[in-house]
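All remarks here apply to the structure that follows.
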Amino acid sequence: MAIISAGVGWMSVASAAIGFAVVTRKKPGGGEPPVDDPDAAMVKAVIDGDPEAYRVLVERYERRIYSVIYGMVRNQEDARDLAQDAFVKAFQNLHKFRLESKFYTWLCRISMNVAIDHLRKMKHRSHSEFDDNRGTTDGAQVVRLSSRRDNPSENVARKQVYSNIMAALETLPDDQRQVVVLRELEGMPYKEIAEIIGVPEGTVMSRLYYARRRLQELLAMHRPTS
């Protein structure tokens, strides 16, 4: 399932890219791209005036960005809209991207900022206004643990575990939720997480420690008793 690139989603992003490419063709920030970076050529192509090259990057990362944002906002429709917003913001600011960094790390930082801004705006809403079915349909399908080709019974059990984790995750403060999503769902190293959220690695490790402890306490409540 294409989350961003199909239909109006991609058209909106492409429109922003075309406007960006026509108005400015600034070169990316200083530095040389990493030799093994598969995104560098696509980034350069967009900067040089080929917005269609961005389609490759959208299709490469749309599921991961959706998954990261969904882990933060816990609402499928909001996650789709915010993922599109993140890709548009990345388009509009691509000339600021420094090629010595990984494009996905930079994109993920934009996505996290978009998600955090959204959560701050939603703080005044009551918990009942959120989607009661979140975590049981679309969202579970984009998480790697739920997308493996296992037998149906294992998939059902995995989805239930995922649902319990996501419900517990929602109780964490935003800064702890960030590190859990990036570390446990995305499997990112501490250094990359620190770069994305703009804190020292030690802070990442500390937040993750307290978040894991809290999650263990909450998940123990869902553990079947013998």
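The values are calculated or read from the model by the stated rules, or taken from the named source; none is laboratory data. All values derive from a computational prediction rather than experimental measurement. All Cβ positions, even for glycine, are placed from backbone atoms using ideal geometry, and neighbour counts span all protein chains on display.
Quickly run through the stretch 185-213 and pick out the residues that are of a type in the set (D, E, K, R) and either buried (at least 18 other Cβ atoms within 10 Å of the Cβ) or touching a residue at least 60 places away in the same chain (Cβ under 8 Å) (or both).
Residues of the stretch 185-213 of a type in the set (D, E, K, R): 186, 191-192, 195, 201, 207, 212-213.
Selection gives 186, 192, 195, 207.
Within the stretch 98-119, restricting attention to residues that are part of a loop (DSSP other than H, G, I, E, B) and not acidic (Asp, Glu), which residue is nearest to residue 44 (Cα to Cα)? Step through it out loud before you land on a result.
Residues of the stretch 98-119 that are part of a loop (DSSP other than H, G, I, E, B), as a first pass: 99-102.
Then keep just the ones that are not acidic (Asp, Glu); that gives 99, 101-102.
Numbers: 99: 9, 101: 14, 102: 13 Å.
Applying the filter and picking the extreme gives 99.
Tell me the helices (runs of 4 or more DSSP H) entirely within the stretch 132-217 that contain at least 1 residues that are aliphatic (A, V, I, L, M) and at pLDDT below 70.
138-142, 144-147, 152-169
When the residues of the stretch 96-118 are filtered to those that are surrounded by fewer than 16 Cβ atoms within 10 Å (Cβ to Cβ) and in contact (Cβ under 8 Å) with a residue 40 or more places away in the chain, which remaining residue is nearest to residue 73 (Cα to Cα)?
Going through the stretch 96-118, the residues surrounded by fewer than 16 Cβ atoms within 10 Å (Cβ to Cβ) turn out to be 96, 98, 100, 105, 113, 117.
If we keep only those that are in contact (Cβ under 8 Å) with a residue 40 or more places away in the chain too, we end up with 96, 98, 100, 105.
Values: 96: 27, 98: 28, 100: 30, 105: 19 Å.
Across the stretch 96-118, the extreme among qualifying residues is 105.
Does at least one position in the stretch 75-83 carry a residue that is surrounded by 15 or more Cβ atoms within 10 Å (Cβ to Cβ), modelled with pLDDT of 90 or more and not in a helix (DSSP H, G or I)?
Yes, some residue in the stretch 75-83 is surrounded by 15 or more Cβ atoms within 10 Å (Cβ to Cβ), modelled with pLDDT of 90 or more and not in a helix (DSSP H, G or I).
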